[in-house]
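Student: Shown below is the structure under consideration.
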Amino acid sequence: MSKHEKKDEPVSHGGAERLEPSGIPLWAVAAGLLMVVAGAAIYATKDSRERSHAIKALNEAHIKVTGTENGLEGNFATVVVESNRREYLDLLGACTSDPEMALGIYRQVLDDEASSDAARVLALRMAFYLLKDGRLKEGTEKEVLEKLVENLAPGKAKNARWVAQWVLGHLVVIPDVSKRGEFEKMPEKPKELLEAKKKDEASGADEESAGESKQDAWKVELEEHTLRPYDHPGGPDALKEERKYLTVTWSSPDACNAWWQAYGKNAAWDKDRQVFVLAAP
């Protein structure tokens, strides 16, 4: 090669297209990138619209929380959805089909002080489906539990507290039945509850107006069950032999909240059984 000669290099002559090293025209590369960006934006917008629509449906829903107010009875805190039922069922379905979106709605409704009481109740009821389907990103189960427990606290809306108590009772087990006696001990009733009771008695409030009887106002009950191989969520191969375990119910949100503060801090998610398990403190 003479000193006046140059190595071959990509050039553009007249109307010829300039090529990338791959041989693809630059306009085609740019168009492809634009389509990818536009597609991502459309998807994000669609996801945002679906989330906004679901939250709006929850806030505008009409519900009733029926049944007994005694958490030790079977028909405690039954939720009846009177309007926007179809939208709510779709959202429960999303707990399986799109758990990340459903979890985002759960978070937003419970974190937003402007959420309606109905929205809070329906979001709390969702917690059962979010966890029981077992499709959440590992580690987020604890967040669902924490938001559930937050709504047990005194000062939260009555219906939300009842439903939070109901859901918690369906998500917690004690695997060691020999520790039953330790978990049956109720903490002392907080001073503010004792004072409130004295005020009710002084004002002549009867037991039924308070929603619970004196003997059941501060109780926990444990019930023994047997998990058999064919009942295991993972199938009969996941469990070689029968196991005994305990479930927990409480008479009221106040009793539930106090008991949980004493025993629930070591709750651990069991992915195979899809429940929170408690060990003795």
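Read-outs throughout are calculated quantities, based only on the coordinates presented, and are distinct from any laboratory measurement. Just so you know, these numbers come straight off a predicted model, no measurement behind them. Heads up, the Cβs are rebuilt from the backbone with ideal geometry, glycines too, and the neighbour counts pull from every protein chain shown.
Student: Among the residues of region 65-84, how many are touching a residue at least 12 places away in the same chain (Cβ under 8 Å) and at negative phi?
Tutor: We begin by selecting, within region 65-84, every residue touching a residue at least 12 places away in the same chain (Cβ under 8 Å); these are 65-66, 69-72, 76-84.
Okay, now just the ones that are also at negative phi, so 65-66, 69-72, 76, 78-83.
Qualifying residue count for the region: 13.
Student: Here is a follow-up. Against the definition (touching a strand residue (DSSP E or B) at 6+ places or on another chain (Cβ under 6 Å) and of a type in the set (A, V, I, L, M)), how does VAL81 come out, yes or no? Don't jump to the end; show me each part of the working.
Tutor: On the way: touching a strand residue (DSSP E or B) at 6+ places or on another chain (Cβ under 6 Å): yes; of a type in the set (A, V, I, L, M): yes.
The answer is yes for VAL81.
Student: Please determine, by comparing only the residues of region 144-179 that are free of Cβ contacts under 8 Å to residues at least 40 places away in the same chain and within 15 Å of PHE276 (Cβ to Cβ), which one is surrounded by the fewest Cβ atoms within 10 Å (Cβ to Cβ).
Tutor: GLU146
Student: Tell me, yes or no, whether region 242-254 has at least one residue that is in contact with a Lys or Arg (Cβ under 8 Å, 6 or more places away or on another chain), surrounded by fewer than 21 Cβ atoms within 10 Å (Cβ to Cβ), outside any helix (DSSP H, G or I) and without any contact (Cβ under 8 Å) to a residue 40 or more places away in the chain.
Tutor: Yes: one or more hits.
Student: Continuing with this model, one more query. Of all the residues that make up region 94-122, how many are closer than 20 Å to GLU141 by Cα and of a type in the set (Ser, Thr, Tyr)?
Tutor: Number of matching residues: 3.
Student: Looking at THR96, THR140 in this structure, which one is under 23 Å from PRO233 (Cβ atoms), under 15 Å from the mean Cα position of the chain (by Cα) and surrounded by fewer than 16 Cβ atoms within 10 Å (Cβ to Cβ)? Lay out the reasoning, then the answer.
Tutor: Values: THR140 fails: surrounded by fewer than 16 Cβ atoms within 10 Å (Cβ to Cβ).
Selected residue: THR96, the only one of THR96, THR140 that is under 23 Å from PRO233 (Cβ atoms), under 15 Å from the mean Cα position of the chain (by Cα) and surrounded by fewer than 16 Cβ atoms within 10 Å (Cβ to Cβ).
Student: Answer yes or no as to whether GLU141 is closer than 29 Å to LEU222 by Cβ, touching a strand residue (DSSP E or B) at 6+ places or on another chain (Cβ under 8 Å) and among the charged types (D, E, K, R).
Tutor: On the way: closer than 29 Å to LEU222 by Cβ: yes; touching a strand residue (DSSP E or B) at 6+ places or on another chain (Cβ under 8 Å): yes; among the charged types (D, E, K, R): yes.
Criteria met by GLU141.
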